[in-house]
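One structure is given here, and the rest of the page talks about it.
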Amino acid sequence: MKSLIVTGGANGLGRSIAESASKAGYRVGILDVNIGALEEAASSIENATPLVASVTSTDEVKAALQEFGQTPDIWVNNAGIVRFAPLLELSEDDWRAVIDVNLTGTFICSTIVAEAMAIRGSGSIINITSINGISAGANSGAYGATKSAISLLTQQMSLEWGKLGLRVNALAPGLIDGGMSEPIYSDPQFRKLRTEKVPIGRLGTEEDIAQAVLFLGSDNASYITGHELVVDGGIINSIIANLPRPSSVDSVGLDGE
Ligand SMILES: NC(=O)c1ccc[n+]([C@@H]2O[C@H](COP(=O)([O-])OP(=O)(O)OC[C@H]3O[C@@H](n4cnc5c(N)ncnc54)[C@H](O)[C@@H]3O)[C@@H](O)[C@H]2O)c1
């Protein structure tokens, strides 16, 4: 039976990844610091093992992998936190907290599991980034910086670990109806305003992300590594199209004008 471990899997996107992987026939490890949510998730998902650990602790992650009892085919670095503030108001503690969980956590987990995967000679690591790591956003200086750094770290890991049999990719979700964005989309006004901006005409679902993760982890993606897959309904490419402009310029340059 193939297996997958997802960090931050007790809630939001991670939980959905765990559910979809279980439905697709994987044995699943759910690693999280939130013990209550973790137990609830693991007990309601078939073939799921709860793994209590913080991604910021080498010892805890090593112990979690040992507790799982097998080297997973897929490891998903999904655990992430936000601390929103303008840079001039962001405390050093908050900056460090975001770097520690998002970036250092990805480094710690990836290096531990890569060592184990290399012994087997195969494995797939998927790092969850964000469109906020591609384009700066309001008050998200620390968060966006970690996501952008994880993109480059993904390239670096794919470069160094390809010959060990590992593929490493990143997945950048866009506007997702769930997880840490729940406070935004539970407000009907902002939900509507934001939905209208998405070229595909809807918000993304947690399932959209989970299915893309399973694709990247599967043999169907066996020649894809060092790639960042943007799963955003087109929003990141629509910034210029969303700028207001007079309709009189819409046909400038056409024959006969
Ligand atoms: N929801 C979105 O709109 C969205 C968009 C783009 C990217 N993302 C990314 O998706 C990932 C999941 O986000 P989400 O929206 O599901 O968030 P969430 O807050 O719902 O879930 C995050 C999970 O991570 C766990 N976690 C936090 N610190 C941890 C640690 N030190 N060790 C282990 N687990 C820890 C939390 O307990 C929680 O279960 C994050 O990396 C986030 O940046 C989310």
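The values are calculated or read from the model by the stated rules, or taken from the named source; none is laboratory data. None of these values were measured; they are calculated from a predicted model. Glycine gets a Cβ as well: all are built from the backbone with ideal geometry, and neighbour counts include every protein chain shown. Accessible surface areas use protein heavy atoms only, side chains included; no ligands, DNA or RNA. Shrake-Rupley method; radii C 1.70, N 1.55, O 1.52, S 1.80 Å.
Confirm whether Glu89 is over 23 Å from Ser130 (Cβ atoms), open to solvent by 50 Å² or more (accessible area, probe 1.4 Å) and of a type outside the set (Gly, Ala, Ser).
Judged against the criteria, Glu89 is not a match.
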Sole miss for Gly133 among (1) of a type outside the set (A, V, I, L, M); (2) free of Cβ contacts under 8 Å to residues at least 40 places away in the same chain; (3) open to solvent by 20 Å² or more (accessible area, probe 1.4 Å); (4) touching a Lys or Arg at 6+ places or on another chain (Cβ under 8 Å) is condition (3)
Condition set of a type in the set (A, V, I, L, M) and assigned to a loop (DSSP other than H, G, I, E, B), scope the stretch 201-232, selection farthest from the ligand (Cβ to nearest atom): answer is Ile224
Could you say whether any residue in the stretch 10-31 is more than 14 Å from the ligand (Cβ to nearest atom), part of a helix (DSSP H, G or I) and buried (at least 19 other Cβ atoms within 10 Å of the Cβ)?
-> yes
When Thr71 is evaluated against the numbered criteria (1) outside any helix (DSSP H, G or I); (2) within 14 Å of the ligand (Cβ to nearest atom); (3) open to solvent by 20 Å² or more (accessible area, probe 1.4 Å); (4) touching a residue at least 24 places away in the same chain (Cβ under 8 Å), which criterion, by number, is the only one it fails?
-> (2)
Looking only at the stretch 211-233, decide whether some residue is open to solvent by 50 Å² or more (accessible area, probe 1.4 Å) and in contact with a Pro (Cβ under 8 Å, 6 or more places away or on another chain).
-> no
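Based on this model, can you work out whether Gly162 counts as more than 30 Å from Ala85 (Cα to Cα), away from the ligand (no atom under 12 Å from the Cβ) and not aromatic (Phe, Trp, Tyr)?
Here the answer is yes, as Gly162 does meet what is asked.
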Only one of (1) under 27 Å from Ile81 (Cα atoms); (2) free of Cβ contacts under 8 Å to residues at least 40 places away in the same chain; (3) open to solvent by 30 Å² or more (accessible area, probe 1.4 Å) does not apply to Asp255, and that is (1)
Checking Glu39 against (1) open to solvent by 60 Å² or more (accessible area, probe 1.4 Å); (2) in contact (Cβ under 8 Å) with a residue 40 or more places away in the chain, which test does it fail?
-> (2)
Among Val55, Val76, Val61, which is the only one that is part of a helix (DSSP H, G or I), buried (at least 19 other Cβ atoms within 10 Å of the Cβ) and within 13 Å of the ligand (Cβ to nearest atom)?
-> Val61
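Only one residue in Asn132, Asn102 is within 10 Å of the ligand (Cβ to nearest atom), in a helix (DSSP H, G or I) and over 22 Å from Ala10 (Cα atoms), so which one is that?
After applying the criteria, what remains is Asn132.
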Scan the stretch 1-48 for residues that are farther than 17 Å from Trp75 by Cβ and of a type in the set (S, T, N, Q) and jot them down.
-> Asn11, Asn34, Ser43, Ser44
